[in-house]
Each structure stands twice: as structure tokens, then as C-alpha cells.
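Have a look at the structure below, then the notes.
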Amino acid sequence: MAQQPETSISAATPRLDVAHLAKTYGSGARVHTVIQDLTFTVDAGEVVCIVGPSGVGKTTLLKCLAGLHPASSGRAAIDGRTISGPPPEMALVFQDYNRSLMPWLTVRKNLVLPLRHLKLSPAELKERCDSALAAVGLAHADNQYPWQLSGGMQQRVAIARALAYRPEILIMDEPFASVDAQTRFDLEDLCLKIRSDFNMTILVVTHDIDEAVYLADRVVVLGSRPASVLKIVDVELPSPREQIATRSLPEFARQRTEVLSLIKRPA
Ligand SMILES: Nc1ncnc2c1ncn2[C@@H]1O[C@H](COP(=O)(O)OP(=O)(O)OP(=O)(O)O)[C@@H](O)[C@H]1O
């Protein structure tokens with residue numbers, strides 16, 4: 001059953017609203033609070049990156065947003081609707097493409113698999129797969145199997161699979177961590193292109209501070225355990241961004257230093 005907004009949607013309603021979110025695993029003597037009190041928003045069409053030390057609870061946060069884990073208190077909402085299960089307008093891309101792609105299916109069949117329940121016509125199915133593969137530069141690889149592709153190509157297949165779903169919100173957990181530097185730059189630019197071509201709202205967890213500053217409109221810096229927001233940094237860099245020109249700007253260096261010093265400051 002479609003979820004109804006609990007509040008009326010106005011221009012000021014953020015696409016994603018995380019308010020005093022807390023997440024605890026276990027119970028009794030084994031209780032483990034991973035997220036304490038997280039509050040931030042993501043507006044429609046924004047790219048927001050989340051950075052923070054290993055184990056602070058970034059993946060846990062994404063799982064709460066994806067409706068895979070219930071929040072212990074507080075709430076996460078889309079357009080004012082509390083998330084209580086996988087939101088239909090959201091797609092996820094994880095770092096571990098080895099485990100997310102089906103090795104016995106061709107690239108095209110990997111893209112089709114999550115679309116089956118949408119009951120699309122064969123023509124629309126084909127159009128969605130063709131345009132998603134073209135967007136990631138893999139139109140030629142549709143009949144290959146994932147294991148015949150390089151790591152960077154497999155990750156592009158995982159992104160194409162999310163694109164073919166036509167999500168309004170794309171959530172990515174360290175999506176470019178396992179690829180070489182050149183492929184990483186290409187995938188970062190692909191992420192920005194997707195945002196402008198499809199007006200998508202994108203939330204990315206990354207360990208790479210330069211990547212966060214390059215991609216984001218805002219960077220949410222998480223710290224301490226349990227996780228809480230140390231600061232939300234507005235990235236004041238011109239768009240469109242370009243790998244060499246943007247990273248050479250004095251403002252880029254200033255913002256990466258700001259994020260780095262937040263993460264490295266003594267607890
Ligand atoms: N299903 C679970 N049950 C119990 N504890 C869990 C579960 N999932 C994660 N944790 C614990 O929650 C804490 C945060 O894990 P999480 O994977 O969210 O951190 P992270 O910031 O994404 O880490 P990394 O940057 O290393 O990927 C860890 O201590 C982890 O052991």
C-alpha cells in the first residue's frame with residue numbers, strides 16, 4: 001500500500017529528512033548504540049556526501065534510509081513520509097559489486113532482474129536498459145557476463161542497474177572504493193552527470209575526503225561513537241566541476257582541509 005505523507009509537502013519539505021535518528025543493535029546487556037542522534041536533510045537534486053571514521057555507523061545509516069533496518073528512535077522520511085520499508089523511489093549501489101551482480105546472468109539480464117515487478121512492456125524494458133547502459137558507456141557489453149568485465153566496468157553495470165530502475169533518489173555506499181584512480185574519476189563524473197541529466201537526489205558514503213568535496217553540494221561529517229553529526233559543510237565550488245580544474249582551486253584545498261581537520265580532531 002502506498003505510504004501517505006504525514007505532513008503536507010511544500011517547497012520547503014526536504015526530499016530526505018533525517019531527524020534525531022538513533023539506531024541500537026542488540027538488547028539487554030548486549031545493547032550497542034551505533035547512531036546516537038543524527039539530524040540532516042537532503043534537498044531534491046542535491047548531492048550530499050557522508051564521511052566519517054571507519055565503523056562509525058555510515059552503512060547502518062544508509063540501511064535505515066533504505067528501509068532495511070528500522071530506526072530505534074527519531075525518524076528518516078522521504079517527502080515527509082516516514083521510511084518504514086524499502087522506498088519505491090530509491091535505488092542502492094554498494095561497493096561490493098562482486099556480490100551484487102549475478103554472475104550467471106548477462107549484463108542486460110542483471111539490469112532486467114530488479115525491473116520484473118514493474119510489469120513494463122518489452123519495448124520500455126529495452127529502452128530503459130539501452131539508455132542506462134549508454135549512460136555508463138557500456139552499450140557494447142550488454143551480452144557479456146559480469147566476470148568477463150573489469151572491476152570498474154562491473155561497478156558501472158551496478159550503477160546502470162540502478163539507473164534502469166529510474167530512481168528519484170540514489171544511495172551509494174563507497175561505490176568507487178574498489179576501482180583504480182582513473183576509473184574512480186570517471187565514475188565520479190558519471191555521478192555528477194546522472195544528477196544533472198536525471199535531476200536525481202544522490203547520497204554517497206565515502207572514505208575519500210577529496211571525493212566528497214569534489215562531488216558534493218554539502219558534506220555531512222560524522223564523528224565519535226555512537227555516530228553524530230560533527231558538522232555539515234557547504235561546498236562552495238563552481239559547477240560544472242572538472243577533475244583537474246576543480247581540484248586545483250584554492251577553495252577546494254580549503255574545504256578538504258576543513259573536512260579533514262574535523263575528522264582528525266581529537267575525540
Ligand atoms: N546487523 C548488525 N548487528 C549488530 N551490530 C552491527 C550490525 N551491523 C553493523 N553493526 C555494528 O555497527 C557498527 C557500525 O557499523 P557500520 O558498518 O554501520 O559502520 P561504517 O561507518 O559503515 O564502517 P566502515 O566505514 O568501516 O564501512 C560496527 O560496530 C558494527 O559492528
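The values are calculated or read from the model by the stated rules, or taken from the named source; none is laboratory data. What you are looking at is a predicted structure, and each value in this text was computed from that prediction instead of being measured. Positions of Cβ are backbone-derived with ideal geometry, glycine not excepted, and every protein chain shown enters the neighbour counts.
General remarks:
- Among the candidates Leu192, Leu187, the residue that is closer than 30 Å to Val18 by Cβ, under 16 Å from the mean Cα position of the chain (by Cα) and at pLDDT 90 or above is uniquely Leu192.
- Taking the conditions (1) more than 16 Å from the ligand (Cβ to nearest atom); (2) among the basic types (Lys, Arg); (3) surrounded by 16 or more Cβ atoms within 10 Å (Cβ to Cβ) in turn, Arg116 satisfies each one other than (3).
- Those residues of the range 129-148 which are more than 18 Å from Tyr165 (Cβ to Cβ) and outside any helix (DSSP H, G or I), in sequence order: Gly137, Asn143, Gln144, Tyr145
- Single residue of Leu262, Leu222, Leu215 found to be in contact with a Pro (Cβ under 9 Å, 6 or more places away or on another chain), surrounded by 13 or more Cβ atoms within 10 Å (Cβ to Cβ), closer than 24 Å to Gly57 by Cβ and in contact (Cβ under 8 Å) with a residue 40 or more places away in the chain: Leu222
- Condition check for Tyr145 on (1) in contact with a helix residue (DSSP H, G or I) (Cβ under 6 Å, 6 or more places away or on another chain); (2) more than 16 Å from the ligand (Cβ to nearest atom); (3) under 22 Å from Leu115 (Cβ atoms): one failure, at (1).
- Residue check for Thr82: free of Cβ contacts under 8 Å to residues at least 40 places away in the same chain, more than 29 Å from Gln255 (Cα to Cα) and of a type in the set (Ser, Thr, Tyr): no
- Scan of the range 87-112 for residues that are surrounded by fewer than 14 Cβ atoms within 10 Å (Cβ to Cβ) and among the hydrophobic types (A, V, I, L, M, F, W, C), ordered by number: Met102, Trp104
- The single condition among (1) at pLDDT 90 or above; (2) in a helix (DSSP H, G or I) that Leu120 does not meet is (2).
- Considering the range 171-186, the residues that are out of contact with any Leu (no Cβ under 6 Å at 6 or more places or on another chain) and buried (at least 21 other Cβ atoms within 10 Å of the Cβ) include one that is nearest to Arg218 (Cα to Cα), namely Met172.
- Residue list for the range 22-50, restricted to those being surrounded by 16 or more Cβ atoms within 10 Å (Cβ to Cβ), more than 14 Å from the ligand (Cβ to nearest atom) and either farther than 16 Å from Leu192 by Cα or of a type in the set (S, T, N, Q) (or both): Phe40, Thr41
- Applying the criterion of at least 2 residues that are within 24 Å of Asp37 (Cα to Cα) and within 16 Å of the ligand (Cβ to nearest atom) to the helices (runs of 4 or more DSSP H) found wholly in the range 152-257 leaves 209-215.
- If only residues of the range 69-113 that are within 16 Å of the chain's Cα centre (by Cα) and within 16 Å of the ligand (Cβ to nearest atom) are counted, the one that is modelled with the highest pLDDT is Ala76.
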